[in-house]
Structures are given as structure tokens and as C-alpha cells.
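Since the structure comes first, as C-alpha cells, the remarks are kept for the end.
The values are calculated or read from the model by the stated rules, or taken from the named source; none is laboratory data. Nothing here was measured: the structure is a model prediction, and the numbers come from that model. For neighbour counting, all protein chains shown are included, and Cβ atoms are generated from backbone atoms with ideal geometry for every residue, glycine included. Calculation scope for accessible area: heavy atoms of the full protein, side chains included, ligands and nucleic acids excluded. Shrake-Rupley method; radii C 1.70, N 1.55, O 1.52, S 1.80 Å.
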Amino acid sequence: MNFIVGKNAQGKTNLIEAVSFLSFARSFRANTVQELVRWGEKSCAVFAVVQRSDSEFEAGISIDNGSKLVFLNGDKLSSISEFVGRLLCVSFTPDDLQLVKGAPAERRRFLDRHISEAYPQFLKALVSYNRALKNKSRLIAGGRISSADIKPWNSILARNSLEILSRRRAFIAEIEGRLNSIHRKFAAEDGALRLVLKSNLDEAGIKPDLASLEALFGEFARREIDGGACFLGVHRDDVQIFNDCREARTFGSQGQVRSITLSLKMAVVEFLESVSGESPVVLLDDLDSELDQTRREMLFDMVLS
């Protein structure tokens, strides 16, 4: 265990962020890569030597004029999916409390990051889906188009939706048992937790196959064009977190939210260990501001066990 100590604004969180960035090539607090670059500069880079149980390698990321490049042992890789999953990290920061109370996008990011770390090929489906969604949205915003104009993009969305939905469901099923086992240590009196993936593709009541999904996107095309937005798809998925049969987002107290968030993070640690055979780096930032002494002690007991 390593302790990073110092006064405010000395860069403690920056160091934590750099390690996390090397894991997933995304910051846990910045919205764009340019925000990671020092004010007045155009580029930056972070490199580290990573030791695993069976190997050692150098990982690096550089940002230049908003473009991101990833490196392994000095060689530039062709895609982020080749990079993700080599250095496994799970972080806990005060902002992570939004995982329970925040917008659906927070919970989607949680799912997609850790699924991608365990199964890097999932990231390819996610990137392909988001690229198609962006192009479809641009067409719809431009106006004066027909359903046929967005059909090619809908075909890509449908194909990748199958992979994304399947992986998200499997991940939730995998961590739910671990989640409850851990949560009982933090808050035994709060009852059981349940995770439910809510997707408008499921709500449509169709069969989970490509032909049915393509047909569904076709049915929604006119409605999306008229409404000027992409209403259908896994980009609108959410994870409902139920605590003793009540949705934690609405009814959870601050203490319950803290316990659920910690339990989710530690469940991911166990999940990544089971899939990779490696213990991920656990990054804990500013715990004193959010956790009472009892929860801190329980957390350190689990991390060190």
C-alpha cells in the first residue's frame, strides 16, 4: 500500500488520475482530453512501467492537439482496445457517489469501463456504436432526410446493440452476488441489493436477434427524424439499483449511498481478479471527506485481505 500525502493543490489527485488514465485512456474527472493538458500547453504524456505477476511492460499515452496516442513498450498501438485491459485499476473518489444518485450516464460509464477492462473486444463494439450514433444524430439534426438515409447507421447500431446488451447483462449478473456479499459487511441492516438493466430495446418486447432489432430501429426512424433526436438504443440504458426493494437513487440516504458505492467498487475488484487472475490497482482518493471511520476500516480490511 502506498500513501500519497501533502497539502491541498499539490497534485495528489493528479497522480491518482494519471495512473487511472493509463488504465483506460480516459480521465475519471475530465470530460475532454484537452482538459488534461497543462494550461497554455498543447501536449502532454504519461508513461509507466507496469509489473504483473508474469510480466513487465511499459505503457504510455500522449495527447497532442487533442489527439490521443497509446504505446506499449515504446510501440504505437493502432487502437485503444489493444491498450485497455493491460493495467487494471478501480478508483474511488468523492465524485463516485454520483454512481448511485447521478444521471444514467454515470452508471453506463461504470458498466462499460469495467466490462472493457475484462473483455477489451467489447470496447470495439462500443466505439462502433457511438460512431454510428454520432453520424446518425448529425443527419437527423440536419433535417430534410428520409428513413432510408439513416438505415445504414441503424444497421450498425442494431448489430452492436446485441453485443453491448449481452455484455452488460452478463456483467450485472456476475457482480450482483459479489455485491451483496460485500454490502453485508458494510451495512448488514440495510437489506439486499438488486441491479436491473433498464433498456428501451427490452421494453419494446422484441426477440433479441439482429433482424428484430433492425426492424425496430426502422419503425422508430420516422419518429426520431420528426423529433430531431435518437430515442432508441443502448445509449439510453440505465441500471436501477434497488436497496431492500426500494430504488436507492430516490430513497437511499447518504450513508446508504456510500455503502452501495463502496460495495460496487469492491465487487468490481473481485470480478476483475476472477477474470484476469491479477489484482487490480485500487486507487482511493480523499476518503476522509466522504467515509466515516467504520467504513474506512472495513474498506482497508477488504483491500488488504
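The alpha-carbon of LYS124 sits under 16 angstrom from the alpha-carbons of these aspartates and glutamates, leaving out residues fewer than 8 places away in its chain: GLU82, ASP112, GLU163. For region 49-187, carbon and sulfur atoms together expose 47% of the accessible surface, with a 1.4 angstrom probe and every protein chain in place.
Taking label points 7 Å from Cα along the Cα-to-Cβ direction, PHE47 and ARG138 give a separation of 3.4 nm.
The share of accessible area on region 208-270 that comes from carbon and sulfur is 51 percent, using a 1.4 angstrom probe. With contacts taken as Cα pairs under 8 Å at a separation of at least 6 residues, the chain carries a relative contact order of 20 percent.
Listed by number, the DSSP H helices of the chain that run 15 Å or longer by alpha-carbon position along their axis and have mean Kyte hydropathy of at least -0.5 are 12-24, 121-142, 147-186, 210-227, 254-276, 293-304.
Loop-located GluC sites (Glu not before Pro) in region 36-72 (DSSP state other than H, G, I, E, B) with a sparse environment of at most 15 neighbouring Cβ atoms within 10 Å: GLU41.
Label zone of ASP149 (point 7 Å out along Cα→Cβ, amide N under 15 Å): in region 195-236 this covers 221-230. Around the amide H of VAL90, modelled in the peptide plane, lie the amide H atoms of VAL281, VAL282, LEU283, all under 5 Å away and 5 or more residues distant in sequence or on another chain. Listed values for region 48-61 are Karplus-derived 3J(HN,Hα) couplings in whole Hz (6.51 cos²θ - 1.76 cosθ + 1.60, θ = phi - 60°), namely 8, 8, 10, 10, 9, 5, 10, 6, 9, 8, 9, 10, x, 9, and x replaces Gly and Pro.
Quick one: what do you get for region 194-305 if you divide its Cα Rg by 2.2 N^0.38 Å?
Rg over 2.2 N^0.38 Å, computed on Cα atoms: 1.50.
Per residue, how large is the accessible surface of the chain? Use a 1.4 angstrom probe and give square angstrom.
52
Placing pseudo-labels 7 Å out from each Cα toward the beta carbon at ALA188 and SER212 gives an inter-label distance of 4.4 nm.
Rolling a 1.4 Å probe over the protein chains gives LEU162 an accessible area of about 60 Å². Fully extending the segment from SER78 to ASN14 would add 20.4 nm, taking 0.36 nm per residue of separation and subtracting the current Cα-Cα distance.
Once you've got the Cα coordinates, tell me which of LYS101/LYS134; LYS68/LYS198; LYS136/LYS265; LYS76/LYS134; LYS101/LYS207 are over 29 Å apart. Checking Cα-Cα distances, LYS68/LYS198; LYS136/LYS265; LYS101/LYS207 exceed 29 Å.
Residues of the chain were split at every exposed loop site, defined as trypsin sites (Lys or Arg not before Pro) in a DSSP loop with at most 11 other C-beta atoms within 10 angstrom, and the longest piece left, sites excluded, is 145-305.
When you restrict to C-alpha pairs under 8 Å that are six or more residues apart and normalise by the size of region 185-305, the relative contact order lands at 30 percent.
The tail of the calculated P(r) for region 1-141 beyond 24 Å holds 38 percent of all Cα-Cα pairs.
Short to long, the 20 Å bins of the Cα pair-distance histogram for the chain hold 29, 57, 14, 0 percent of all pairs.
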